[in-house]
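Following: one structure in structure tokens, then a few remarks.
The values are calculated or read from the model by the stated rules, or taken from the named source; none is laboratory data. If you're wondering where the values come from, they're calculated on a predicted model, not measured in any experiment. Quick reminder, even Gly has a Cβ in these numbers, built from the backbone with ideal geometry, and neighbours come from all protein chains shown.
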Amino acid sequence: MALPPLDSPQWQTSFRAFLWGARSIGATVLTLVLFATYLGIGALAHDSGFSLGWTLASTAFVWAGPAQIIVITTLGSGATVLQAAIAVTVSAIRLFPMVVSVLPLMRTEDTKRRHLILVAHLTAVTLWVECYRFLPQVPRNRRIVFIHGLGLGLVSVCLIANTIGYALAANLTPLFAAGMLMLTPLAFLFSTARNCRELADVIALVLGLLLFPLAALLNSGVDILVSGVVAGTIAYGVHRARAGVVRARA
Amino acid sequence: MTGFIGDWHALAILFVAGVIPNQIWRMLGLWFGGGIDENSELLVWVRAVATAILAGIIAQIVVQPPGALASVPDWLRYGAVAAGFIVFMLARKSIFAGVIAGEIVMLGGKYWLG
């Protein structure tokens with residue numbers, strides 16, 4: 001599916017622009033990845049004892065797969081609310097740079113902060129990636145409404161996937177239920193690996209995977225936090241050291 | 001938990017442990033976004049920690065599997081992730097190809113084991 005050219009009359013109304021945004025969910029393979037991920041989250045929520053309404057509310061109001069999985073797995077395994085909240089707070093830090101970098105793409109001189117609230121809410125890895133791809137093809141004054149369409153379209157797909165995953169987990173054979181739960185780590189691993197832009201990101205990913213089993217031995221309740229901060233800081237240290245070497249050579 | 005909503009207490013916990021800690025960062029980004037350089041050193045560190053946390057979550061599900069996934073032997077889960085990763089790289093970083101390959105290895109292995 002191709003978007004209409006920038007000067008097309010298709011962009012003259014907000015409503016049309018919204019629909020083009022919503023239709024664009026069909027133009028990206030990431031929709032399929034999201035569908036698989038949220039199928040898995042639905043199954044995970046079911047197996048961890050949460051209701052379907054709770055699962056859908058988490059998708060609509062949290063709208064960040066990793067945070068949802070942290071809440072489900074930590075609370076499901078008996079951690080306290082505080083421990084879960086801390087882990088989510090740290091995992092969600094990455095949303096800050098995403099929001100910061102995405103908003104200038106759609107700001108105009110008349111844009112008020114409140115016009116961007118829904119865009120900020122909808123911002124997550126997938127939308128962040130797609131903004132860079134789609135927005136250059138959208139007239140600047142229609143970008144916010146286009147993103148509303150795209151983002152709400154993606155949320156809808158994920159709500160449907162949650163419902164299907166939840167229902168299937170209740171009725172599938174253990175073999176296929178296991179297959180659905182496995183969708184989450186696979187989809188996250190590969191989408192994270194694809195998003196690695198710098199060496200620091202690659203090291204953070206690899207060390208983060210390797211250090212978690214070690215941190216889990218501490219059984220602190222915030223194991224993910226411990227391994228994440230340690231692995232991330234080492235990765236940043238390597239990034240700094242390399243930057244120093246490059247500067248020394250130059 | 002019964003019914004569609006189930007336990008209201010669980011919903012309250014979702015807001016305290018999930019929604020608020022998550023939305024804080026988005027709203028901070030909206031509020032202070034103008035003044036921060038996307039390539040600043042602080043954000044490089046933040047991104048690295050966030051990536052490592054995500055990696056930890058992935059490892060947790062594979063190492064300490066929930067529900068039905070626990071019925072699959074350890075080595076088969078690790079093997080499925082490794083096979084998926086190899087295909088992901090060979091298929092020029094296709095997420096979809098990697099996921100399908102990992103699933104085929106795990107489901108095939110489990111089926112074969114009986």
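Could you list, in sequence order, the residues of the range A:142-185 that are free of Cβ contacts under 8 Å to residues at least 40 places away in the same chain, hydrophobic (A, V, I, L, M, F, W, C) and surrounded by 18 or more Cβ atoms within 10 Å (Cβ to Cβ)? The answer is A:Ile144, A:Ala178.
Filtered by the rule that a residue be touching a Ser or Thr at 6+ places or on another chain (Cβ under 7 Å) and more than 11 Å from A:Thr37 (Cα to Cα), the range A:178-208 gives A:Ala178, A:Thr192, A:Asp201, A:Ala204, A:Leu205, A:Gly208. Just one of the listed residues (A:Ala124, A:Ala87, A:Ala79) is touching a helix residue (DSSP H, G or I) at 6+ places or on another chain (Cβ under 6 Å) and not aromatic (Phe, Trp, Tyr), and it is A:Ala87. Taking the stated definitions as given, is A:Leu181 in the same structural domain as A:Ala57 (by TED's automatic domain parsing), under 21 Å from the mean Cα position of the chain (by Cα) and either under 21 Å from A:Gly40 (Cβ atoms) or modelled with pLDDT under 85 (or both)? Considered against the rule, which asks whether it is in the same structural domain as A:Ala57 (by TED's automatic domain parsing), under 21 Å from the mean Cα position of the chain (by Cα) and either under 21 Å from A:Gly40 (Cβ atoms) or modelled with pLDDT under 85 (or both), A:Leu181 comes out as yes. Restricting attention to the range A:37-64, the residues that are surrounded by 22 or more Cβ atoms within 10 Å (Cβ to Cβ), aliphatic (A, V, I, L, M) and at the interface with chain B (Cβ under 7 Å from one of its Cβ atoms) add up to 3.
The residue list A:Ala36, A:Ala27 contains one member that is in contact with a helix residue (DSSP H, G or I) (Cβ under 6 Å, 6 or more places away or on another chain) and of a type in the set (Gly, Ala, Ser), which is A:Ala36. In the range A:102-120, the residue that is farthest from B:Val63 (Cα to Cα) out of those that are facing chain B (nearest Cβ under 7 Å) and crowded, with 20+ Cβ neighbours inside 10 Å is A:Leu116.
For the range A:192-234, a residue qualifies if it is touching a Gly at 6+ places or on another chain (Cβ under 6 Å) and over 17 Å from B:Arg47 (Cβ atoms), and exactly one does: A:Phe212.
Which of the residues spanning the range A:44-56 are in contact with a helix residue (DSSP H, G or I) (Cβ under 6 Å, 6 or more places away or on another chain) and assigned to a helix (DSSP H, G or I)?
Taking the range A:44-56 as the starting set, the residues that turn out to be in contact with a helix residue (DSSP H, G or I) (Cβ under 6 Å, 6 or more places away or on another chain) are A:44-48, A:52, A:54-56.
The answer is A:Leu44, A:Ala45, A:His46, A:Asp47, A:Leu52, A:Trp54, A:Thr55, A:Leu56.
Considering each residue of the range A:10-25 in turn, none proves to be under 18 Å from the mean Cα position of the chain (by Cα), closer than 25 Å to A:Ala120 by Cβ and within 13 Å of chain B (Cβ to nearest Cβ). Residue check: is B:Ile5 surrounded by fewer than 16 Cβ atoms within 10 Å (Cβ to Cβ) and either in contact with a Cys (Cβ under 9 Å, 6 or more places away or on another chain) or within 7 Å of chain A (Cβ to nearest Cβ) (or both)? Yes: the conditions hold for B:Ile5.
With respect to (1) within 8 Å of chain A (Cβ to nearest Cβ); (2) over 15 Å from the mean Cα position of the chain (by Cα), the lone exception for B:Gln64 is condition (2). Within the set A:Ile41, A:Ile86, A:Ile25, the sole residue that is assigned to a helix (DSSP H, G or I), modelled with pLDDT under 90 and either charged (D, E, K, R) or closer than 30 Å to A:Leu183 by Cβ (or both) turns out to be A:Ile86. Just a yes or no: is a residue in the range A:224-231 buried (at least 20 other Cβ atoms within 10 Å of the Cβ), under 29 Å from B:Gly67 (Cβ atoms) and in the same structural domain as A:Ala124 (by TED's automatic domain parsing)? Looking for residues that are buried (at least 20 other Cβ atoms within 10 Å of the Cβ), under 29 Å from B:Gly67 (Cβ atoms) and in the same structural domain as A:Ala124 (by TED's automatic domain parsing), one finds none in the range A:224-231, hence no. Take A:Phe96 and decide whether it is without any contact (Cβ under 8 Å) to a residue 40 or more places away in the chain, part of a loop (DSSP other than H, G, I, E, B) and within 11 Å of another protein chain (Cβ to nearest Cβ). For A:Phe96, the condition - without any contact (Cβ under 8 Å) to a residue 40 or more places away in the chain, part of a loop (DSSP other than H, G, I, E, B) and within 11 Å of another protein chain (Cβ to nearest Cβ) - is not met. In this structure, A:Ala124 does not satisfy being over 16 Å from the mean Cα position of the chain (by Cα), of a type in the set (Gly, Ala, Ser) and either surrounded by 18 or more Cβ atoms within 10 Å (Cβ to Cβ) or within 13 Å of chain B (Cβ to nearest Cβ) (or both).
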